Amino acid sequence: MNILLKSARIIAPQSEYHSKSLDILIQNGIISDIADTVSPPEGTEIVQPKNLHVSPGWLDTSVCFGEPGYEDRETITNGLKTAAKSGFTAVLVNPNTYPVADTNADISFLISRSKDHATALHPIGALTAKSESVDLAELYDMKNAGAVAFGDYQVPVSNPNLLKIALQYTSNFGGLVLSFPQENRISGKGVMNEGTTSTRLGLKGIPALAEELQVARDLFLLEYTGGKLHIPTISTARSAELIGNAKAKGLDVSCSVAIHNLFFTDTVLEEFDTSYKVLPPLRGQEDTAALIEGLKNGIIDFVTSDHNPVDVEHKNVEFDHAMYGSTGLESAFGALASLLGAESATQLLSKGRSRFGLTEHLIARGQKADLTLFDPDTEYTFGREHILSTSKNSAFNGQKLKGKVYGCIANGIAEINTKQQ
């Protein structure tokens with residue numbers, strides 16, 4: 001594979017080439033030259049779409065594919081193609097499968113099924129057996145098989161002693177524990193944020209307290225045990241404040257926020273559209289503003305699409321009975337760039353690999369090509385035609401977004417689409 005990226009504006013603050021428009025020659029998966037003008041060898045494919053920008057490859061820390069068990073929602077093959085065309089060169093895949101990925105054989109299966117794709121799949125092993133929050137899963141064996149972290153997708157660790165033991169045990173081999181921030185005994189049968197909107201709509205609410213109580217508990221346990229903790233997809237201002245205080249104490253904690261929790265508030269549920277039924281739920285304007293501020297000041301470490309394809313049979317039902325989840329890979333950059341600007345969005349999407357033990361890739365001669373290609377200025381209305389996933393349950397349908405992704409180059413494979421929106 002020989003490719004010349006022509007007149008590409010490089011967005012990489014850690015690179016000497018940051019903000020420069022240069023030619024980038026890639027030969028056999030390696031960046032062989034970067035210069036004002038590069039003369040390509042014979043047979044080189046020249047890529048020069050409109051307003052080409054290039055950054056280090058993007059990472060999504062929370063993605064669901066259906067395989068195994070729910071292939072009607074999304075297969076690994078189609079999911080990885082969707083991720084690549086959406087600009088992600090690596091995704092962390094949740095154990096939201098059947099059976100749950102809770103053994104070394106399950107992790108090995110996921111890795112073997114993901115070979116020969118531009119996007120690398122890194123499994124998150126289940127923290128507890130069958131994600132039932134009763135007994136710890138085979139954590140060390142899964143680590144040896146390639147799991148990068150351990151967590152039960154959208155299933156809280158109900159027993160605090162179980163989380164305490166998990167943090168102590170994984171600290172022996174540097175494992176990272178994920179704990180979903182919800183206390184189910186407080187959230188009860190709630191289906192959306194508890195507030196004036198839920199009262200007006202007559203829907204049972206999930207109070208912010210359900211999240212904040214769990215976050216506070218987990219941080220106390222982390223302080224007691226040591227170890228490494230990641231809290232995925234927080235949604236309230238108080239959660240960000242608690243995590244900020246824990247970081248100030250020196251605790252080894254990180255957190256993420258889903259892009260839809262930055263982009264929408266609970267008022268979009270006025271029409272009972274199940275596309276907006278996500279977990280954690282969409283909150284109010286004060287929480288949304290605080291989450292954006294948390295990203296800017298570094299308290300919140302990562303953004304994620306929290307991509308969760310759901311088949312139509314589980315979405316086109318009454319709101320109370322609809323399954324939680326929204327696809328998000330395809331809309332991630334456009335939504336985030338619309339909120340924060342393209343350069344900030346790019347930097348947020350490019351970070352996080354070291355937290356999960358993955359290699360950081362630089363844009364420099366001799367480095368492995370791990371690149372995302374995009375145009376930050378294209379504006380368009382996101383619609384079903386932009387959804388590449390098998391399931392079409394996107395909260396961003398009909399939203400005006402800014403930023404088109406051309407694709408990516410990684411693992412010696414180019415997945416590039418220069419067709420305009």
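Structural remarks
- Yes/no for Ala83 being of a type in the set (A, V, I, L, M, F, W, C), outside any helix (DSSP H, G or I) and either open to solvent by 10 Å² or more (accessible area, probe 1.4 Å) or under 30 Å from Asp306 (Cβ atoms) (or both): no
- When the stretch 352-378 is filtered for residues that are within 22 Å of Gly298 (Cβ to Cβ), modelled with pLDDT of 95 or more and in contact with an Asp or Glu (Cβ under 9 Å, 6 or more places away or on another chain), the ones remaining, listed by number, are Arg353, Ser354, Arg355.
- Val91 open to solvent by less than 10 Å² (accessible area, probe 1.4 Å), under 30 Å from Gln347 (Cβ atoms) and either in contact with a strand residue (DSSP E or B) (Cβ under 8 Å, 6 or more places away or on another chain) or not acidic (Asp, Glu) (or both): yes
- Any hit, the stretch 115-134, residues being open to solvent by 10 Å² or more (accessible area, probe 1.4 Å) and touching a Cys at 6+ places or on another chain (Cβ under 9 Å): no
- Residues that are touching a helix residue (DSSP H, G or I) at 6+ places or on another chain (Cβ under 7 Å), open to solvent by 10 Å² or more (accessible area, probe 1.4 Å) and under 19 Å from Tyr17 (Cβ atoms), drawn from the stretch 323-381: Glu360, Pro376
- Residues that are part of a strand (DSSP E or B), over 25 Å from Ser344 (Cα atoms) and either among the charged types (D, E, K, R) or open to solvent by 20 Å² or more (accessible area, probe 1.4 Å) (or both) within the stretch 15-29 comprise just one, Gln27.
- For the stretch 165-202, the set of residues classified as part of a loop (DSSP other than H, G, I, E, B), in contact with a strand residue (DSSP E or B) (Cβ under 7 Å, 6 or more places away or on another chain), touching a residue at least 60 places away in the same chain (Cβ under 8 Å) and open to solvent by less than 20 Å² (accessible area, probe 1.4 Å) consists of Pro181, Gly190, listed by residue number.
- Residue check for Glu241: out of contact with any Gly (no Cβ under 7 Å at 6 or more places or on another chain) and not hydroxyl-bearing (Ser, Thr, Tyr): yes
- Residues of the stretch 94-109 satisfying the condition of being open to solvent by 10 Å² or more (accessible area, probe 1.4 Å), among the aliphatic types (A, V, I, L, M) and part of a helix (DSSP H, G or I): Ala105
The values are calculated or read from the model by the stated rules, or taken from the named source; none is laboratory data. Note that the structure is predicted; figures quoted are calculated from it, not measured. All Cβ positions, glycine included, derive from the backbone under ideal geometry; neighbour counts span all protein chains shown. With ligands, DNA and RNA removed, areas are computed over all heavy atoms of the protein, side chains included. Shrake-Rupley method; radii C 1.70, N 1.55, O 1.52, S 1.80 Å.
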